[in-house]
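Written out below as C-alpha cells is the structure these notes cover.
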Amino acid sequence: MRNEALKQLVLETELRRALRADEFEVHYQPIVCIGSGHVVAVEALLRWLHPRLGILQPAAFLGTAEEIGLIVEIGKGVLRTACRQAMVWRQRGLPLRMSVNVSPRQFYCEDLHSSVAKTLYETGLPPHLLELELTENVIMQDRERASITMRALQQLGVGIAIDDFGTGYSSLEYIHSFPIDTLKIDRSFVRDVAKDRRGEAIARTIVLLGRELGLRVIAEGIETIEELSTLRDLGCDEFQGYLVSKPLDAGQCSLFLDERRSLTGEWPRGEPA
Ligand code: C2E
Ligand code: MG
Ligand code: MG
C-alpha cells in the first residue's frame, strides 16, 4: 500500500515537472481512405519523452494525469501542437484532417469551446480539418452537458468522432440525437473480424449503423491484409493501424507522407470533406 502511494506521488510530481520541462510530444498515426489508398487524416497521440525512462505511452501516465487534472493543461498543449502541425502539412499541399483525443476532464472543463476556438484562430487551421475524439463513456457521464458542448463545437465547424465505439457503456439513442460525424470501430472488434463469424457480425453491424446514419466509419488497429480486406468488404471508409504505420513523430510522419505521395501520385484536388 505504502509503496503504491509513494509511486503515485512520484508520478504526480514527475508529471508536473514534465509539463514545465516541455517533455510531452505529439506523435501522428496516418489514417487511410480504404477506397483510394490516400492518407486523408492523422490521429494525434501523446507521448512522454522521459529523460531517464525514454518514450512513455499514454497508458503509463494518462490515468494519473486525468486524476490530478493535469490532463487539461497537457491536452491544450496537444491540441495546439496538432493544429500547428496540420497547418504545416496543409501549407505543403497536404490538407489532412487532424484527429485529437479529448479526455473526460478536458471535455467537461468550462473553457473547452473557447480554447478550441482560440487554438483554431491562433493557428489558422480551418475548423473542418479538426476532429475531436470522445468515448461513449465521456458522453454518457452527463448527457445534457455533453449535448450542449458538442453542439457548440459543431457550430464552430469542428468534427466529432466516437472513439473505441462499442466498448463503452452507451445507449444507441444518443448516436442519432447528438452531432456526430465519425464512428471509430475499436481494435478489439477488428481483431475478431478475421477470426470468427461473430466478430464479423459485430463489425458489420457497426459499419451498417454508421452508413445508415450517414457517418464516416473508421477501423482502428488494422494489422493484417485479411483484416483490411474484410473491413473494406463490409464498407468501412477509412482505417489506421500498424499495417500502414505506427504512430510517428512529426519529422518521421512528414517523410512518410512524402514517400506515400510519390507512390500514389498527386493528392486529390481540394480538401477532404
Ligand atoms: P486511441 O485513441 O484509441 O488510440 C489508438 C491506440 O491504438 C494508440 O495507442 C495507437 O498507437 C494504437 N494502435 C494503432 N494502431 C494499432 C495497431 O495496428 N495495433 C495495435 N496493437 N495498436 C495500435 P496509444 O498511442 O498508446 O494511445 C492509447 C490511448 O491513449 C488512446 O487510444 C487514447 O485513448 C489515449 N490518448 C492518446 N493520446 C491522447 C491525448 O493526447 N489526449 C488524451 N486525452 N488521450 C490520449
Ligand atoms: Mg483515439
Ligand atoms: Mg480508439
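Computed over the chain with a Gaussian network model linking Cα atoms closer than 10 Å, the most mobile of His50, His38, His176 is His176.
Backbone geometry of region 237-252 corresponds, through the Karplus equation with coefficients 6.51, -1.76 and 1.60 at θ = phi - 60°, to 3J(HN,Hα) couplings of 7, 9, 8, 9, x, 4, 4, 9, 5, 6, x, 10, 6, 4, x, 4 Hz, x marking Gly and Pro. Averaged over its residues, the chain has an accessible area of 50 Å² per residue, based on protein heavy atoms and a 1.4 Å probe. Tell me, what does the Kirkwood hydrodynamic radius of region 22-175 come to in angstroms if you use every pair of distinct C-alpha atoms? That comes to 16.3 Å for region 22-175. Take the alpha-carbon centre of region 209-228, take the same for region 101-172, and report the distance between them in whole Å. The distance from the Cα centre of region 209-228 to that of region 101-172 comes to 21 Å. Ordering 219-227, 5-13 by mean Cβ neighbour count within 10 Å, with the highest value first, yields 219-227, 5-13. The relative contact order of region 1-159, computed from alpha carbon pairs under 8 Å that lie at least 6 residues apart in sequence, is 18 percent.
Can you tell me the relative contact order of the chain? Whole percent, Cα pairs under 8 Å, sequence separation 6 or more.
18 percent
A dipole drawn for the chain from +1 and -1 charges on Cβ atoms has a positive end, and of Ile162, Leu70, Gln240 the residue lying farthest that way is Leu70. From most to least packed by mean Cβ count within 10 Å, the peptides 84-92, 120-128 give 84-92, 120-128. Under 8 Å for C-alpha pairs, at least 6 residues apart: give me the relative contact order for region 127-167, rounded to a whole percent. Relative contact order of region 127-167: 61 percent. Taking the square roots of 5 times each eigenvalue of the Cα gyration tensor of the chain, largest first, gives ellipsoid semi-axes of 28, 23, 21 Å.
Basic side chains Lys and Arg get +1 at the Cβ, acidic Asp and Glu get -1 at the Cβ, and with that the dipole of the chain about its Cα centre reaches some 420 debye.
Using a probe radius of 1.4 angstrom, the carbon and sulfur fraction of the accessible surface of region 16-164 is 52%.
The values are calculated or read from the model by the stated rules, or taken from the named source; none is laboratory data. Keep in mind the model is a prediction, meaning the values are calculated, not measured. Backbone-built Cβ (ideal geometry, glycine too); neighbour counts: all protein chains shown. In case anyone asks, the SASA skips ligands and DNA or RNA and just uses the protein heavy atoms, side chains included. Shrake-Rupley method; radii C 1.70, N 1.55, O 1.52, S 1.80 Å.
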